[in-house]
Each structure stands twice: as structure tokens, then as C-alpha cells.
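The values are calculated or read from the model by the stated rules, or taken from the named source; none is laboratory data. All of these numbers come straight from a predicted model, not from anything done at the bench. So basically every Cβ, Gly included, is an ideal-geometry build from the backbone, and we count neighbours across all protein chains shown. In case anyone asks, the SASA skips ligands and DNA or RNA and just uses the protein heavy atoms, side chains included. Shrake-Rupley method; radii C 1.70, N 1.55, O 1.52, S 1.80 Å.
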Amino acid sequence: MTESEQTGREPRLSPALIATLVAIPVMVLAGFIAFAVLRSDRASTLPIEGYSTSSENADLCGPLIAKLPESFDDYRHKKVDGNTVTWTSNKNGDSGDPLMLRCGVARPKDLAPTSALQVINAVQWFMTDSDTSRGQAFVVVDRRPYVAVWVPVGSGNGALTDISGLVAGLPEAPLDFGH
């Protein structure tokens, strides 16, 4: 006979075991909530919004921004906030990313002599970020100041081509590989 059968009492669970049984589901729930909150914040931020800025030739951003058109195809609602310009699309409603340009960003850290560059209208672009479900970020690397552009998925290449034509007017500069 076990001790509980002899005394007629139910076996008691230790306080440590009870605390563990309560704490584990609470921690799992808290983890899911934290993940959901952090994921939604990250999803709403575009990569180029986090790029550091540089003061090198920043005075040239104003004239470049002034030359930017009011719209690009479906992206018609232009908003200027300092050296950042966004165009939103009615086509995507509130669910789609805007087209965004940010002037005066710092040199891309990953730019190296072996980096693949895309040349559009004699301007060299380096792809810094790519998310197949959201879009791609490019930075002009042969002009100063550096200019970053976020191109949402499905927006085509027309905006990047048009922006390249305007960026071509910025002063040319050698590629800087950070050495």
C-alpha cells in the first residue's frame, strides 16, 4: 500500500510543480503575443526607412526632390517628408507598400568590388534588400548624395527608370567600397 492509500489523503502536488504548470502556458501565450506585435511592426516598415543618413552633398537632395513627378503610373499620391518621398497607390489600397525614395542615405555597407550593379539611364544601382512578397530596395552608388528607392512588388520598372533619369543629374562619384 502506498502512503496516500494508508492515510486516505490525495497526493499533494509540490508548489514548484504547480508554479511550473501555470508558468509554461503563460510564457507560451506571452511569446505568441510578442511575436505578433513585433512582426506587425516590422512588416509595416520599409527597409530604406532604417538606412542611416549621411550629410555628404545633402544640400543636393532638395533640388532632386523638387524635380520628382507627382505620380508614377498607379502611384499618384505624393508626400514629401524632409528627404523622403512616398507615393501611394489606389490599386493596392492600404494593404500595399508605397513607392519610396530617400535621398542622403549612407553608403551601402555590403557594396563590394564583386557586387552586381544594375545600370539604368547611365546610373548604377545596387540592390540592398529584396523581399519577394513585398519589393526591392536599390541605392544609387555612382552619384552623390546616395539615393535609395523602394520598389514594391508589381509596380514595374517605370518609376526606377524615370528616377534614374533625374538622378543622372547628380554629381558623378567613384564607387566607394569602404576601404
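Per-structure values
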read-out: Leu17 versus Asn157: modelled label distance in nm, points set 7 Å from Cα along the beta carbon direction; value: 6.7 nm
read-out: Solvent-accessible area of Thr161 with every protein chain in place, 1.4 Å probe, in Å² to the nearest 10; value: 50 Å²
read-out: Cα gyration tensor category, rounded, prolate or oblate, for the range 47-159 with a/c compared to 1.5; value: oblate
read-out: Accessible surface of the range 136-175, 1.4 Å probe, proportion on carbon and sulfur as whole %; value: 53 percent
read-out: Derived scalar couplings ³J(HN,Hα) [the range 111-116; Karplus, 6.51 cos²θ - 1.76 cosθ + 1.60; whole Hz; x for Gly, Pro]; value: 5, 9, x, 9, 5, 7
read-out: Calculated over the range 59-119: convex hull of Cα atoms, volume per residue (Å³); value: 140 Å³
read-out: Most to least packed among 114-124, 164-174 [average Cβ atoms within 10 Å]; value: 164-174, 114-124
